[in-house]
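To start, the structure under review is shown below, and the notes come after it.
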Amino acid sequence: MSDTTLTIRTDKNTKQAIADFASSLGLSTSAFITAATLQAIREGELTLTPALEPTPYLEKIMREVDEDIKHNRNITRTNSKEEAVSHLKSLM
């Protein structure tokens, strides 16, 4: 099968996370890394997607919006695109 070794450096937690994830797919760590690498080479790209977690500031704003909706505050309803645009322009 393979006749060479690739060595990478990573921290202990990342190594374990990779092993656990590979195992959940029914793969060894080596098979997982090989498959991921070959896919990146075949497709000519690697997509890294960050976890989408709101910042504490955004979480605060989201809580405020939820409260405003709950209490029908700071809400403007419009019936058309033109009406919405007109309202937004009036705020400037």
Restricting the search to the stretch 9-28, which residues are over 18 Å from Leu46 (Cβ atoms), in a helix (DSSP H, G or I) and either more than 23 Å from the chain's Cα centre (by Cα) or not hydrophobic (A, V, I, L, M, F, W, C) (or both)?
Lys12, Asn13, Lys15, Gln16, Asp20, Ser23, Ser24
Positions within the stretch 72-87 being surrounded by 11 or more Cβ atoms within 10 Å (Cβ to Cβ) and small (Gly, Ala, Ser), in sequence order:
Ala84, Ser86
Residue by residue through the stretch 17-68, note down the ones that are more than 21 Å from Leu6 (Cα to Cα) and among the polar types (S, T, N, Q).
Ser24, Thr47, Thr49, Thr55
Across the stretch 54-78, what is the number of residues that are among the charged types (D, E, K, R) and in contact with a helix residue (DSSP H, G or I) (Cβ under 8 Å, 6 or more places away or on another chain)?
1
For the stretch 10-28, which positions are without any contact (Cβ under 8 Å) to a residue 12 or more places away in the chain and β-branched (Val, Ile, Thr)?
Thr10, Thr14
Scan (1) surrounded by 11 or more Cβ atoms within 10 Å (Cβ to Cβ); (2) among the β-branched types (Val, Ile, Thr); (3) within 22 Å of the chain's Cα centre (by Cα) for the single condition Ile69 breaks and write down its number.
(3)
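No value in this document is a laboratory result; all are computed from the given coordinates. Computed from a prediction, not measured in an experiment: that's the story for all the values here. Counting neighbours? That spans all protein chains shown, and the Cβs are built from the backbone with ideal geometry, glycine included.
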